[in-house]
Each structure stands twice: as C-alpha cells, then as structure tokens.
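The values are calculated or read from the model by the stated rules, or taken from the named source; none is laboratory data. If you're wondering where the values come from, they're calculated on a predicted model, not measured in any experiment. Glycine gets a Cβ as well: all are built from the backbone with ideal geometry, and neighbour counts include every protein chain shown.
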Amino acid sequence: MNNENSNPNNGRDKYERPGAEFDRSEQYSVNETGSGAAVNEFSLKKFIPDFFNTFKRMYLILVVLVAVSVLAIVLYAKIAYQPKFRSSSTFTVNVENASKSSAASSVNLAKQLSNTLPYILKSDALNNLIQQDLGLSRVDSSIKAEAIGETNLFTITVESGTPQMAYNVLKSAIANYPKVADFVIGSTKLSLISAPNIPESPVNGLSYKRQILIGLAIGLALGFVVITVTALFNNSVRSSDDIKSLLNIRSLGNIPDIGRRRRGTGKTIEFANPNISKDFSDSVRLLRSRVERICSENDYRVILVASSMPGEGKTTVATNLAMALAHEGKRTALIDCDIRKPSSLAAFADENSRDIIEYLKGSANVEEIISLAAENLIIINSREPSDAAAELLGTERMRMLVEDLRNAADYVIIDTPPSSIIADAIVLSEYADCMIYVIRQDYTRKNRIVDGITHLSTSSTPFIGYVLNNAYVSGGYGYGGYGKYGRYGRYGSYGSYGRYGSYGRR
C-alpha cells in the first residue's frame, strides 16, 4: 500500500471525482435541467433514435393495439351488420288519354312522369296502400324510382331486410301505383318489361377483409401515436451524456443485451455461459477489471450494488460481477439482501442451506447459510420475505456477517433493494466500503435516479461509479428482459414495494 492510500479517504477522493479533492457536495450535485426540472428543446436528431428505441421497447404494445383494434372492428361489424336485399323491376308508364300526336308531347310526358313518379312512390298515400295490401303496421323498406333517359321507361328498386319482403313491397308498389297516380297525372298504365324477382343474396355483403384492414389501420395509428408521445415525453436516461448532465459520478462501463435467443434453457444469466453474447461477457470482464483496480488501489473489499428502481438489472450486474471476480481467482461472497422480495439467487443456493433471515433472527449460524455456487464463489440467499427488513438489516448480526465475510473473502458484494423506494440500501451502505450504481438506459425517470442517489448520499460510503445497463451499443444491443434476475415481475411497475411506504422516504 503506498502513502497515497494510507488514509482511506485519499483513495476515495481519487475515484469519487477524478482530478479533484474530495468534495461531497460536488460529488452528489444534480443538474436540475437534466433531472427534468426543465424541458429540453425538441431535436429531430435526438427524437428519431428515441422513437426507434421506444418502438423496439414497446412493439408488443403496438401488436396488442393492432390485434385489439382488428378484433373490435370485426366484432362490431358483425354485431351491427344488417343485410339489405334488393328487388327491382323495369316497366313503361303511359297516361291513357295522353296525346300521341308529336314527339315533343312524348318528351314532355316523359319529363312529367320522371318528376312525379318518385314523389308518388314516396307518398304517404302509396305507403298506406302498401301497408293495407301486405297487412303491415309499418313499411321498413326503401323505394326508389329511376327514369331511363328521356323516355317513359322506369326502374323501381326496393331494398328491405329480407328477400321476401323486398319482393312483396315491390309487387305491391307496382300494383297500387296507378291508384295514387290517377289523382296526380291522370289514369296511368304500367307495362312490365322485367318482372320483380326474389333476391338471392344481400347487396351489402359483410367484407371481413375490409374490416380487418380498417382495424389494422386504426391499431397502427393508435400504436404509433402512443409510441410517438412516449418518445417525446421520455424523461429517462437515454445516453451516458444524460447521466453526465445529471450526476457527477464516473462511468464503470456499459452492459449490453444478451439476446433472448442466446439465453439458452438456463434460468440464470452467467457471463461465462457459451450461449451468452461475447459483447455481454466482454462488458462484464471490463467492469470487473475497472472495479478490481479501483478497489485494490483503495483497499475496498465490500461493494454495495444499488439502483433506483426494480427492473434495472442490478442483481444481474451484482451476480455477474461476483462470478467474474471468482473466475479471476478472487474469493468472492455474494449476499442477497433484498429480503422483502427474496429468492433472486435461489438457483445458486444449496437446497439444504438456511435463510439469511434465520441468521439475522439468531436461529442459524454463518456456516448454515452459506452455499458454494462455484469455485471461489459463495452465495448467501434469502428465501422467506420479511416485513421487518430495515430492522433486521440494521442489527449487529448483519454487521458481524459482513465482517466475517470480509475476513474470509477477497470481495463481498451486497445486492440491495431499490434505493429510491425504500431505505434498506441506506442501512446496508454503512457496512460497505464503496457503492456501484446501476442505471438502466431508457427505463427509469431521471427524478427517480436523483432520489436514489440522494438517499444513498446520506451515507459516508462513496460511489466508485455507475454501470449503464440496457446500453445501445453497435449491433443494436439493449436489455430486453434480464432473465430471472432483472425482471422483478412481482414488483409490477415499481410494484409491491409501495406497501413499505414508511421505508421509502427518509
């Protein structure tokens, strides 16, 4: 150990704010504009990648909206569909005593008939005659007449809800028309050219293809509106530059996505797994190298890994960092201290091992709660949830556990609950030599990150840096799921921690 590190604070100064003496007020200072106090000006150059990143993250919502829209439109069309059947007949209309002496008079007669026939067909008088003829209280059919050029040829068309009704109404209209026309244009005679027929199929057949296309268009429009609005009002960290404008904490590295297809059949994410992408493995090794260098220069042995919210991949980072250190030959202990929502590391624990809560309550000793997960790596797991997490984690037995592991291992990594929701991480920070903060890109709101950092800043334990998870690197990587560790499915959207509200703000 050189003279620079003879004072523990010397090393901390160096890595908390490189190139400057230790100044805690500077270390935890926040750019209010970056934290969301002010709205950044719209930039198309930034919006386009934000839109596509949001699209990749929310494409399932788009699929659901399209599916729901198509289903809703098709169902509505089917329920609201009322078939219309059309029956028509063509005939000539002659006024029996009309003059036939000239062509002009024939033309005038045709014009007179074309003007009067539609009104007669729609008149109450004809409608009443049809009702009487068919024994109906109401005629729910439409009757239209159309003249063929400047002739006395006409076509009467009837549309109704059933084929038989369309046919019956048309026949009755033809039969009763002369009775009404007699009062208007005199005695008339209808000469059928084409007789009425009973229609076989509706004229407004239901087109499911058309309804599907309409639903598809509506769903896509709604989906793109949601994605666009989300991208426009996205107040999460979208790049390392956002973090630089938000916090004065150095970067330890970026962790890319491993890809769902490369996870294999295992339930855990292991950086040495051959199915895992090389980018992920290399990023974990780089993180290990940087953390190990900083810790060795400052004699840090106990590392606390924290994040603002559930789902940021904090446990994934802690687990793979522990594995990477163990793989390097360093004796490493990993403690799952998320005892409100335990079993994150259950896949590594021995079936016969005891629970950390049992130890904290005094019913188990250290040897009984330790599981050998791999060479040089031991795991202390939490299985049963406890509502008294802050009280148990603040006991002398927890301090003794960390000290025993400090003496037995080269590195102790403490995985904590989200720091912006509950105070457990603050309690645990008192046992640690340094802290690593995990920030998932394009996920957690900036104000939540500031809350988490502010809560932990009450501790005397320094941050050695942050890890940007879900980082968009070349090749389009980005955390999609985090597998067993990162999803935190039972938390919902910042979920069940809400019921521990008394711990959330201190």
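Brief remarks follow.
- Scan of region 159-197 for residues that are of a type in the set (A, V, I, L, M), surrounded by 14 or more Cβ atoms within 10 Å (Cβ to Cβ) and under 18 Å from LEU134 (Cβ atoms), ordered by number: MET165, ALA166, VAL169, LEU170, ALA173, ILE174, VAL180
- Of the set (1) under 30 Å from VAL450 (Cβ atoms); (2) at pLDDT below 90, all apply to LEU286 but (2).
- Pair list, Cβ under 7 Å, 6 or more apart: region 58-85 residue touching a residue at least 12 places away in the same chain (Cβ under 8 Å) and part of a loop (DSSP other than H, G, I, E, B), other residue surrounded by fewer than 17 Cβ atoms within 10 Å (Cβ to Cβ) and hydrophobic (A, V, I, L, M, F, W, C): TYR81/LEU206; LYS84/VAL203
- Options VAL229, VAL237, VAL203, VAL225: the member that is closer than 30 Å to TYR437 by Cβ, loosely packed, with under 13 Cβ neighbours inside 10 Å and not acidic (Asp, Glu): VAL229
- Members of region 89-131 that are surrounded by 16 or more Cβ atoms within 10 Å (Cβ to Cβ), at pLDDT 75 or above and either hydrophobic (A, V, I, L, M, F, W, C) or not assigned by TED's automatic domain parsing to the domain that holds PRO163 (or both): PHE91, LEU117, ILE120, LEU121, LEU126, LEU129, ILE130
- Matching entry among SER474, SER459, SER420 (being buried (at least 21 other Cβ atoms within 10 Å of the Cβ) and at pLDDT below 90): SER420
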